[in-house]
1. List the number of the failed condition for S290; all other conditions in (1) modelled with pLDDT of 95 or more; (2) surrounded by fewer than 17 Cβ atoms within 10 Å (Cβ to Cβ); (3) of a type in the set (G, A, S) hold.
2. Taking the stretch 1-49, which residues are part of a helix (DSSP H, G or I), at pLDDT 95 or above and polar (S, T, N, Q)?
3. For the subset of the stretch 162-187 comprising residues that are assigned to a strand (DSSP E or B) and of a type in the set (A, V, I, L, M, F, W, C), which member is farthest from T84 (Cα to Cα)?
4. Any idea which residue in the stretch 247-283 is surrounded by the fewest Cβ atoms within 10 Å (Cβ to Cβ), counting only those that are of a type in the set (A, V, I, L, M) and not in a helix (DSSP H, G or I)?
5. What's the number of the condition A147 fails, among (1) touching a residue at least 24 places away in the same chain (Cβ under 8 Å); (2) in contact with a helix residue (DSSP H, G or I) (Cβ under 8 Å, 6 or more places away or on another chain)?
6. If only one of G428, G383, G417 is in contact (Cβ under 8 Å) with a residue 40 or more places away in the chain, assigned by TED's automatic domain parsing to the domain that holds W266 and in a helix (DSSP H, G or I), which one is it?
7. Which residues, taken from the stretch 93-116, are touching a helix residue (DSSP H, G or I) at 6+ places or on another chain (Cβ under 7 Å) and among the aromatic types (F, W, Y)?
8. Test of understanding: among P52, P57, P62, P31, which residue is buried (at least 19 other Cβ atoms within 10 Å of the Cβ) and either under 28 Å from E320 (Cβ atoms) or in the same structural domain as H175 (by TED's automatic domain parsing) (or both)?
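The values are calculated or read from the model by the stated rules, or taken from the named source; none is laboratory data. Bear in mind the structure is a predicted one, so any value in this text is a computation, not a measurement. Backbone-built Cβ (ideal geometry, glycine too); neighbour counts: all protein chains shown.
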Amino acid sequence: MLGGKQYVDSLADGRVSYIDGRRIEDLTTDPTTRIAVGLVADCYDTFYSDDPGARNPLLAPPRSAAALREIVGLLRGVDMLAHTTFTSVMTLRTVLPQLQAAHPEYAERVRAHLDYVADNDLRVTECITDAKGHRALSPSKQQDVDAYLRVVERRPDGVVIRGAKLHITGASLAHELFVMPTKKMGPGEEDYAIACAVPANAPGLSTINTTYAFRGEDDRHYPMSRKRQMPDCFVIFDDVFVPNERIFLDGQTEFSALFAHSLGLWERLGGVAEMAHDADLLVGLAELVSEANGLGRVAHVKEKISELVIYATLVRSGLEAAIAHARSTEDGFVYPDELYTNAAKYHGAAEFNTMARNLIDIAGGSVLTAPTIGDLELPELEGHIRQYMTGNPDVSGEDRLRIMHAIRDMVADAFGGWHYVTNVQSGGGLYAQRIVTRKHYPMKESVAMAREAAGLSPKE
């Protein structure tokens, strides 16, 4: 297994990465990425073992609901790149039975790659969303043939791919990029039906980073995002060669949606787990700030906190149901129930903005205007800030100040804006969750109940 320092050293491999109109010379020291690198390195140290044959526990497939629950618990405390590694690995494990039945040569390659990732303790991120061009047109109808990533050349020893993948978490800091079709491809779109693994330093591959990370010197008034950050990347594949052993699908359009569907399931499970944690956090912040403001007994404040409590309880209930009703694959590992996973993800995403609004309404304008910790430390300002930031005398002005910083960072600043968008879009938009939920809901049983209740004869 790798330790944190070994991970940091592994990033000096010639990869090409940009941010804010400049090339990043060193990801480990650049102010926009160094903290994220440090978080990944810390996670490596957390799981490190020098025992012979030791492997990252996140790479072991769960074989019971209890094991799945344990892994979900582990994911709560890891960096986002460890999370994408887990979802990538589980996606590949989920598609294995179908690949084995129809294309055993691809299944053999997938197993070999999974062993390679585990043996070398690598970090992986999934590359699914294409540039897409005109959203109403299929890949083969696009004016720009590269609007969806495609194979531009097939050689005896591999293929050359061209295109871009967007919104890719941690691509600049990962070792491996797991590329897959973003949707089901139709006849004539064989070149777009490509799934493969690409090393982050492959010739022709480059990443453009965006980040909500604080850009200044003092991050103390960003208590959330200084501990939870990871760049999102625009990944360019400019005629990247992929050898045969790294190709998991090439041209078989009937399997083109298989990877995306499996990834969506694991992405949404992770999203629900994160939402459940964040929902409890929203409740706690609302309770703290209502006390600090002296409004804990005000009726409308109590009502808003009750709404937050119900929201948090329902999201966590969906997570628990998805785990409790886990299903098994032919290979013997378990995956979360799709109905409960998607319903919980939909509810968590659809109602998050309302819950954030409740929190902001309880907190007040100091969410945006509270002075910084640096201001508090100036002798000429300290007394004034402590005096005028005090609401309820039982809560110090400094504590109220810090609560406001946490709320702002969580729902009203760069990290908060990232939250608003990713809650909806991560793992597919709300429409995707509606489709999958309807597909897996026991509609026939419900219709039979309704027919009986209405006095109708059973439908043949």
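1. Among (1) modelled with pLDDT of 95 or more; (2) surrounded by fewer than 17 Cβ atoms within 10 Å (Cβ to Cβ); (3) of a type in the set (G, A, S), S290 violates only (2).
2. Answer for the stretch 1-49, where residues must be part of a helix (DSSP H, G or I), at pLDDT 95 or above and polar (S, T, N, Q): Q6, S10.
3. Only one residue tops the list, namely A164.
4. A257
5. Condition (1) is where A147 drops out.
6. G417
7. Y106
8. Among P52, P57, P62, P31, only P62 is buried (at least 19 other Cβ atoms within 10 Å of the Cβ) and either under 28 Å from E320 (Cβ atoms) or in the same structural domain as H175 (by TED's automatic domain parsing) (or both).
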